[in-house]
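Input: a single structure, listed below in structure tokens.
The values are calculated or read from the model by the stated rules, or taken from the named source; none is laboratory data. Just so we're clear, the structure is a prediction, and the values are computed from it rather than from any experiment. Here the Cβ is made from the backbone with ideal geometry for all residues, glycine too, and neighbour counts use every protein chain on show.
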Amino acid sequence: MHKKNTKKISITVIAIFIILSLTGCNIWGIVSTAADKAKILQIGKNIGKALQQKDVSLFMQNISYNYSDTDGHTFGTVDSIAEELISQVEEIEDLIDSAIKDVVVGVSVKNLVLAELYANSEMEIDISVKYFNVIPPFWPTDNYPKIILFDVDFQKNGSEWEITSMEEI
């Protein structure tokens with residue numbers, strides 16, 4: 001009796017696997033998609049870190065050699081986008097008294113559409129002034145948010161993702 005149940009279960013599992021394979025269900029693609037999404041979200045964190053540290057070379061580590069956008073930027077000139085964003089951070093820093101405030105850069109990837117080798121999303125760069133916790137404690141914790149939106153295209157290169165186009169919306 002035990003052998004009969006084991007045989008039925010085995011046949012059922014094999015049948016389900018065959019049906020899923022024939023219908024185009026990519027079981028392993030689900031894992032790959034989650035890993036790819038995590039890598040693209042990490043690019044957003046890397047961009048934020050680069051802007052916070054004012055590091056153009058760190059920014060460029062996320063850019064593809066095949067970069068091209070409608071403004072005419074290529075890999076050789078895309079660093080001007082990083083320099084412009086860094087100058088906006090520095091502009092805000094010049095306006096504040098660093099004894100009581102700090103500039104914080106946040107980057108989020110939104111509305112991600114992911115295909116096998118390509119992806120598109122909005123990248124929101126938020127430059128804010130954060131007040132330190134000083135007396136009085138009722139001071140606002142967030143002031144002067146500057147939000148810059150980009151439409152970003154990504155391409156998979158091997159197992160890594162890179163930005164191939166980044167245009168301000």
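Would you point out which residue out of ILE125, ILE86 is at pLDDT 90 or above, surrounded by 15 or more Cβ atoms within 10 Å (Cβ to Cβ) and in a helix (DSSP H, G or I)?
ILE86
If I ask for residues that are exposed (fewer than 13 other Cβ atoms within 10 Å of the Cβ) and not in a loop (DSSP other than H, G, I, E, B), which ones from segment 58-82 would you list?
If the condition is that a residue be exposed (fewer than 13 other Cβ atoms within 10 Å of the Cβ) and not in a loop (DSSP other than H, G, I, E, B), then THR74, SER80 are the ones that fit.
When you look at LYS45, is it in contact with a Leu (Cβ under 7 Å, 6 or more places away or on another chain), surrounded by fewer than 16 Cβ atoms within 10 Å (Cβ to Cβ) and within 16 Å of MET123 (Cα to Cα), yes or no?
When the stated conditions are applied, LYS45 does not pass them.
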